[in-house]
Amino acid sequence: MTLQLPKSLKPNDPGVTLRGDGRESFAARNQPVHMSNEAAAAVESVSTPRRLAVDVRNVSLTFETSDGKVDALANVSLEIAEGEFVSFIGPSGCGKTTMLRLIADLQQPTSGTLLVNGMSAEQARLARRYGYVFQAPALFPWRTIEKNLKLPLEVMGFSDSEQNSRAARYLALVNLTGFERKFPWQLSGGMQQRVSIARALSFDPALLLMDEPFGALDEIVRDHLNEQLLQLWDKTGKTVLFVTHSIPEAVFLSTKIVVMSPRPGRIIDVIDCDFARDRTLEIRETPEFLKIAQRVRTGLRAGHSYDE
């Protein structure tokens with residue numbers, strides 16, 4: 001019996017090739033594929049991975065104290081891509097703040113390697129590639145809000161006109177236009193912390209390091225600042241590293257959550273949060289949010305097994 005091929009599928013068709021056994025194999029035609037701009041951007045983001053803002057490999061840190069050695073971190077490895085919002089959560093003393101200090105070159109690891117934007121932590125510090133927001137606003141009470149924001153710009157030698165334009169721009173970004181002549185003691189705690197954030201952004205660093213900046217604030221103010229911080233992150237496109245003790249805060253803010261164990265600090269889990277960038281507080285009632293929060297709690301409980 002002879003099989004008759006349709007004329008359109010004869011071997012001279014560019015989509016058909018003859019195999020050694022005389023049978024035909026069919027190859028997909030090289031037809032152009034048309035897609036929307038949104039789909040093309042999605043494909044590009046998958047095929048072209050973002051550069052690493054932070055690359056930590058097997059980092060350990062041991063302190064020498066009068067009472068002997070203290071192991072603060074043990075074999076920590078972590079990759080953070082540019083533009084991510086990454087929260088560190090764990091019990092007190094687990095090394096969350098120590099991680100930020102290593103990235104900021106305020107401390108140096110005992111072993112391992114750490115790169116910030118492709119350079120050493122020391123080079124990144126000298127190049128002023130990060131801004132740091134501490135637990136307390138750390139504002140000088142004798143300087144006005146505007147002059148507190150300008151302080152790093154003065155140190156870096158920016159011109160007066162550039163200082164003025166940047167102060168106006170970043171105070172507007174944190175919704176504090178009109179408070180330029182006020183002093184810190186005339187502002188609420190939440191407003192002072194917003195000044196601290198604006199000051200850390202004023203010289204346009206690539207990385208924003210935030211060490212539990214809202215921990216001392218009441219829940220209502222904290223929720224409001226969480227929403228404002230997400231808007232700020234979306235507008236600036238900065239990479240944010242954020243230390244917190246609050247599970248809901250970590251889940252609400254982050255694209256990625258790093259769960260750490262008690263000392264010596266280890267990474268128990270790294271959890272992706274795929275919520276939309278324009279998320280609102282109502283997302284905290286959704287099953288997806290609660291599922292991630294439960295996974296964080298499970299990781300925190302598992303971390304205590306190191307003490308057993």
Practice problem: Convert each backbone phi in region 101-109 into a coupling constant with the Karplus relation 6.51 cos²θ - 1.76 cosθ + 1.60 (shift: θ = phi - 60°), then list the ³J(HN,Hα) values in order as whole Hz, x for Gly and Pro. | Solution: 5, 5, 5, 7, 6, 7, 9, 10, x
Quiz item: So for 273, 94, fewest C-beta neighbours within 10 Å to most, what's the order?
Solution: 273, 94
Practice problem: Hey, for a label at residue 65 modelled as a point 7 Å past Cα toward Cβ, could you say which residues of region 259-276 have their backbone N under 18 Å away? | Solution: 261-266
Quiz prompt | Built amide H within the under 5 Å cut-off of residue 206, gap 5+ | solution = 130
Quiz item: What residues qualify as long-range amide H neighbours of residue 72, i.e. H under 5 Å apart, gap of 5 or more or another chain, H built at 1.01 Å from N?
Solution: 61, 62, 63
Exercise. Grab the Cα-Cα distance for residue 281 and residue 126, subtract it from 0.36 nm times how many residues apart they are, and report the gain in nm with one decimal.
Key: 52.0 nm
Quiz prompt | Table column - 3J(HN,Hα) (Hz), region 78-85, Karplus curve with 6.51, -1.76, 1.60, x for Gly and Pro | solution = 7, 10, 10, 7, 4, x, 7, 10
Quiz item: What distance in nm separates the simple spin-label points at residue 172 and residue 156, each placed 7 Å from Cα in the Cβ direction?
Solution: 1.9 nm
Quiz item: Taking neighbour Cβ counts within 10 Å as the exposure measure, how do 197, 247, 257 sort from fewest upward?
Solution: 247, 197, 257
Quiz item: Under 5 Å between amide H atoms, partner at least 5 residues away or on a different chain: which partners does residue 273 have, H built in plane at 1.01 Å?
Solution: 256, 257
Self-check item: Karplus-derived HN-Hα couplings along region 62-71 (A = 6.51, B = -1.76, C = 1.60, θ = phi - 60°), whole Hz, x at Gly and Pro
Solution: 10, 8, 9, 10, 5, 9, x, 7, 10, 7
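Here, each number is a calculation from the coordinates, and none is a lab measurement. Just so it is clear, the model here is predicted, and its values are computed rather than measured. Here the Cβ is made from the backbone with ideal geometry for all residues, glycine too, and neighbour counts use every protein chain on show.
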